[in-house]
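Here's the structure we're looking at; comments come further down.
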Amino acid sequence: MRSGAAFRACQKVCRCLLSGFGGRVDGGQPEPLMEGSSPFGVPLRSHAELPRGSEPTEAPESGEGSEELVEICQRRHFFSGSKRQLSRHSLLSGCHPGFGPLGIELRKNLAAEWWSSVVVFREQVFPVDALHHEPGPTLPGDSAFSEPVLGEMAYPRSGAGKVQGALEHYVNCLDLVNKRLPYGLAQIGVCFHPVSDTKQTPDGVKRIGEKTEASLVWFSSARTAGQWLDFWLRHRLLWWRKFAVSPSNFSSSDCQDEEGRKGNQLYYNFPWGKEPIETLWNLGDRELLHMCPGNESQLHGRDGRKNVVPYVLSVNGNLDRGVLAYLYDSFQLTENSFTRKKNLHRKVLKLHPCLAPVKVALDVGRGPTAELRQVCQGLFNELLENGISVWPGYMDTVQSSLEQLYSRYDEMSILFTVLITEATLENGLIHLRSRDTTMKEMMHISKVKDFLIKYISSAKNV
């Protein structure tokens, strides 16, 4: 009897999903249905602001706190490999086993935000796809060469290779802009670089480090090159700070290469000190002139009424190191409201909503399991169709307490947890729990999609 009644209730909920009926539902943003709870529908504040009652402890230091973060990232599949393989040097140099599924999603989201900021919403920036160099083959039968190594025969370039690839497209792309300056060429790709600081390879042989690099090459007249370098410096620094809990950890400083060319570097202040995450250079016109010796006229672009050989500005960001920076930036230890033990802290990665690998987790509470999972599956499909990444917690066959679920999802940086219960079958109401505030509210299931879309969209515009 109970099974039949539950099935009829499930059918009712499905009809509610289609009609939008049930609970306190209106045409606007979903309203909370529990008294005394703070609504999620309030205007989104800056990501750097913290809700009351969840003040973090001090940022993790280079010792215990840093190791704790790496352990969480390993356990929650942001990183692959063993603890020994995830040393600070390995993570910074790109000589670790790679990112796990959540780390890959985080990097993908970071790359998408970079692309939108630099390419999609810029009139004069165009995508290119330049070939990059592959690392040379390893020597067979030698355990010392179990990783890609670099000898004297091959020397794959990193940032310089990306710039060179864009320069090769310069003349062809002049037609796109009718030879008018300035304009830019952008690409995202994998680069390889030698890593010399290692004790595991023979003398004279270097290991290969790998990184995902976002590269913009900007062509402007010599007259305006300095102004454009300042513009891109401000733009890039503000962009990095936009997604940070502590924006002041991102900073910039002047730099100069061996040939005396001036540039700027953007840094993130890790617990052990500052590390560069992006570099901007004013390369002048020499690289272009070397490409076409004796045929300077085909390099000419129009600066007003003048034909000039443009100066080249390069902007190269290390997205892998950017991922590492945001993981450290988002890691917080707060008081755990689930336990009375004062020495236990809630560990949470408060990644920006635009960067979080998973936006919402779906789980089931008490009630008929089959019917609850059926409702979860319907909501899962609806959210995926609208581009919202979902963690299917309802598929887990291992029983966990709510405290364990919330702790796991906080460490995975999941923004919201939706709990489908027996009450959902009766009146369509679900429990919605926030990662950032830990507040739990009730909302009609038909409003979850619109709420999440509005929340993420608001975060993009902050």
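Annotations for the structure displayed:
- Those residues of the range 277-298 which are in contact with a strand residue (DSSP E or B) (Cβ under 9 Å, 6 or more places away or on another chain) and either in contact (Cβ under 8 Å) with a residue 40 or more places away in the chain or surrounded by 11 or more Cβ atoms within 10 Å (Cβ to Cβ) (or both), in sequence order: 277, 278, 279, 280, 281, 282, 283, 284, 285, 286, 287, 288
- Pairing residues of the range 61-79 that are farther than 12 Å from residue 272 by Cα with residues that are modelled with pLDDT under 80 and assigned to a helix (DSSP H, G or I), at Cβ distances under 9 Å and at least 6 apart in sequence or on separate chains, gives 70/88; 70/91; 79/91.
- Counting residues in the range 397-419 that are outside any strand (DSSP E or B), crowded, with 22+ Cβ neighbours inside 10 Å and more than 25 Å from the chain's Cα centre (by Cα) gives zero.
- Within the range 443-455, the set of residues being of a type in the set (A, V, I, L, M, F, W, C) and surrounded by 20 or more Cβ atoms within 10 Å (Cβ to Cβ) comprises 443, 445, 448, 452.
- For the range 177-194, the set of residues classified as out of contact with any helix residue (DSSP H, G or I) (no Cβ under 7 Å at 6 or more places or on another chain) and at pLDDT below 90 consists of 190, 192, 193, 194, listed by residue number.
- Hits in the range 307-317 (condition: under 15 Å from residue 174 (Cα atoms) and part of a strand (DSSP E or B)): 307, 308, 311, 312
- Residue in the range 150-162 that is of a type in the set (Gly, Ala, Ser), in a helix (DSSP H, G or I) and modelled with pLDDT of 90 or more present: no
- Single residue of the range 420-440 satisfying the filter (touching an Asp or Glu at 6+ places or on another chain (Cβ under 9 Å) and under 22 Å from residue 407 (Cα atoms)) that is surrounded by the fewest Cβ atoms within 10 Å (Cβ to Cβ): 434
- Residues in the range 209-228 that are of a type in the set (S, T, N, Q) and assigned to a strand (DSSP E or B): 212, 215, 220.
- Flag if residue 344 is surrounded by 18 or more Cβ atoms within 10 Å (Cβ to Cβ) and either at pLDDT below 95 or in the same structural domain as residue 242 (by TED's automatic domain parsing) (or both): no
- The set of residues in the range 383-396 that are surrounded by 15 or more Cβ atoms within 10 Å (Cβ to Cβ) and in a loop (DSSP other than H, G, I, E, B) comprises 388, 389.
- Cross-chain or 6+ apart pairs with Cβ under 8 Å, the range 387-404 first and closer than 22 Å to residue 101 by Cα and outside the structural domain of residue 102 (by TED's automatic domain parsing), then exposed (fewer than 13 other Cβ atoms within 10 Å of the Cβ) and of a type outside the set (Asp, Glu): 390/384
- Picking from residues in the range 195-245 that are more than 30 Å from residue 299 (Cβ to Cβ), of a type in the set (Gly, Ala, Ser) and surrounded by fewer than 16 Cβ atoms within 10 Å (Cβ to Cβ), the one that is modelled with the lowest pLDDT is 204.
- Pairs with Cβ under 8 Å, 6+ apart, first in the range 251-273 and part of a loop (DSSP other than H, G, I, E, B), second among the aliphatic types (A, V, I, L, M): 261/283; 271/59
The values are calculated or read from the model by the stated rules, or taken from the named source; none is laboratory data. Values in this document were obtained by computation on a predicted structure and should not be read as measured data. Every residue, glycine among them, receives a Cβ derived from its backbone with ideal geometry; neighbour counts consider all protein chains shown.
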